[in-house]
1. Looking at (1) surrounded by fewer than 14 Cβ atoms within 10 Å (Cβ to Cβ); (2) free of Cβ contacts under 8 Å to residues at least 24 places away in the same chain; (3) over 39 Å from the mean Cα position of the chain (by Cα), find the lone condition where GLN554 falls short.
2. Just checking, which of VAL250, VAL274, VAL293, VAL311 is within 29 Å of PRO50 (Cα to Cα), of a type in the set (A, V, I, L, M) and free of Cβ contacts under 8 Å to residues at least 12 places away in the same chain?
3. Looking only at the stretch 23-51, which residues are in contact with a helix residue (DSSP H, G or I) (Cβ under 9 Å, 6 or more places away or on another chain), under 11 Å from TYR204 (Cβ atoms) and assigned to a helix (DSSP H, G or I)?
4. Considering each residue of the stretch 265-303, count those that are loosely packed, with under 13 Cβ neighbours inside 10 Å, in contact with a strand residue (DSSP E or B) (Cβ under 9 Å, 6 or more places away or on another chain) and more than 21 Å from SER248 (Cβ to Cβ), and give that number.
5. Does TYR208 meet the test of being closer than 22 Å to LEU341 by Cβ, at pLDDT below 90 and of a type in the set (Ser, Thr, Tyr)?
6. Taking strands (runs of 3 or more DSSP E) that do not extend beyond the stretch 236-355, which have at least 2 residues that are under 26 Å from ASP373 (Cβ atoms) and β-branched (Val, Ile, Thr)?
7. Taking the stretch 566-582, which residues are free of Cβ contacts under 8 Å to residues at least 40 places away in the same chain, surrounded by fewer than 20 Cβ atoms within 10 Å (Cβ to Cβ) and more than 14 Å from PRO611 (Cβ to Cβ)?
8. Do we have any residue at all in the stretch 469-487 that's at pLDDT 80 or above, buried (at least 17 other Cβ atoms within 10 Å of the Cβ) and hydroxyl-bearing (Ser, Thr, Tyr)?
Amino acid sequence: MELRSVRIQNFRSVEESCEFTVEHLTCLVGKNEAGKTAVLQAIAGLNPHPATPFLYELERDYPKRYLARYVERHGGEEAEVISSVWDLCPEEIDKLKGEFGPEAVIDKSITVSRSYNSSCTAWLVPINEADAIAFLISQRNYSAAEKSQIGSPATTKELIAKLTGLEANSKHKALLDLVNAYPQKSIFHKARAILEPHFPQFMYFSNYDRMNAMVHLPSLNNWANDKTLFSTDQHRGDRLFWEFLEYSGVPLSNILGTTTFESFNAKLQAASNVLTEEILEYWTQNQDIEIRVSVAEGLPGDPAPFNSGPVGRARIYNLLHKADTSFSERSAGFTWFFSFLIKFDRVKKDATGKVFLLLDEPGLTLHGLAQADLLRYFTEKLEPHHQIIYSTHSPFMVPHDNIMASRIVEDLVEVDARGRRTPTGTMVREDVLKADKDSVFPLQGALGYSLTQSLFIGKHTILVEGPGDILYLQALSAELLRRKRAGLDPKWVMCPAGGIDKIQSFVSLFAGNSLDVIALSDYTKKDKTKLENLRKSEVIKEGGVLSIADFVAQEEADIEDLFDPELFCTIVNGTYELKDEQTLDPAKLKAADESTERQVKRAEAYFNVLPEPTPLYSHFTPASWLLMHPEMLTGSAEPVLKTLERVESLFKTLNGLIAK
């Protein structure tokens, strides 16, 4: 099952988050004190993993300004903290259908919620009880007379009452035994029992969870025996060291019962090497380091309690400088990464089913490029196997290739006519356009970073005149690929340069980079000299300056001229909702300006003579409309086929220019 949406309320600063959807990898973006941690911890409390326990505590977690009126506000009931909707996978749905019949399963999702002072979650499962009972009866091979004895009970309680007096019949008794064996003698609880093994446990991990560099092992043993004490924030670093010992196959009890540490140190170093190798695969900041963990007897000169008994120490050795330093004195980002891998391994081993990751400000202290490495680790190593929600306020931790997987977290305040400020509480928004500029800043930074990477790091770049060109080409490529024809190779990165006059300036930015840069330009007669100058550029490879006129049967051309006139008119009519006498057709388009062959200029001329309040024609708007209405390019109408044939020729030419 996969989490689809969440609603949080009555939890710390989150009085009412409103329901928000989540992706398989979801990024919570917001400024400091916006409530990102509260959102993650509220979700963690739904079904926490024992290694990262989190329980809702009324006095600690309920919004303080309402705590004195708790009973009054909730009518004597416990306040709900979280309600979540989960999509069931086909295998889970099949299990329900196998138990209760196909007709009884009425939806493909479940709702799971949790309240204060609740020892378990509340489930709403998609089962029609009457249809499930009818299916159970149908599976008993009853005769018509036996079915008549049972009748048509609508609830499990009615079914049990009917069968109780008919136990002399072996078929009736078998059905009664079956239903009585259901948890709480309920079809709904049986459905929950079928699905519960697939319900994930939540691992919450904070930026502040880091393994201690030095631990007094006898004291660690005492703390480990007190589970309540060991789960507190005070001992989170000690617990991680204990979990590393478990990961290494070196139980603490074995260490304390021996007189030599040599064999243990060999196992500890082997485990350290494994984790170091995994980190270095995604750690580009420094490849010349390794972690060394050992156990030795405390020395009298060390501070108490490390001056006696066995002591565990973690140090980081720099292979280049041949020097080591304490684990706690190294990069906070590196120690966090190492600590996360330890905790994650522990959670995976102890989990009863799937693990759902909730990461609070991961990589907060990392350099920007190291944060990008960490995000790559999430997408390549974790996302294929685990659903993840993490929080950040760093642009480098926003998935710039999937910005729409981000959610804005804001702590809102209402100001009345007198200027009085009243907190509304933390809300989670999917629509970034409604967020304030401070909250949306990481997304803006991520987009800017993505564009910069496209310009300077993207190996294969096509410079086009504007964003409208990109949208047209994306829509056309998507349709060709859908038809299993040649679309634009995904290696190409399209970048708007702002017109042929600016393409030359953009090209100069690529000097010194081993990149494939292509210029795809609209063309008019006055652009001839500019295009020739571009073709002489040392940055753009030979044959890499193309104009739209190269692919249409006319001397001057824009991106719009790739479209058959009839299809182009249909797109314009749909974009601006032109109807009746205002409807544009190829004849009207041509008549609007017969001095040019360029369809975009003819469209502009046509719009200039339309009565108010018709808006001015925009180069971008029809392209945006087409991207949202891909059905315009489907089917086998001649205008569509002619358009796709032209564009396919363009894409084949572009793809052929990619360096092998």
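1. All conditions are met except number (2).
2. VAL274 is the lone residue from the list that is within 29 Å of PRO50 (Cα to Cα), of a type in the set (A, V, I, L, M) and free of Cβ contacts under 8 Å to residues at least 12 places away in the same chain.
3. The answer is GLN41, ALA42.
4. 2
5. Here the answer is yes, as TYR208 does meet what is asked.
6. Result: 289-297.
7. ASN573, GLU577
8. Scanning the stretch 469-487 turns up at least one residue that is at pLDDT 80 or above, buried (at least 17 other Cβ atoms within 10 Å of the Cβ) and hydroxyl-bearing (Ser, Thr, Tyr).
The values are calculated or read from the model by the stated rules, or taken from the named source; none is laboratory data. Fair warning: this is a prediction, and the values are worked out from it, not measured in the lab. Note that each Cβ is placed from the backbone with ideal geometry, even for glycine, and that neighbours are counted across all protein chains shown.
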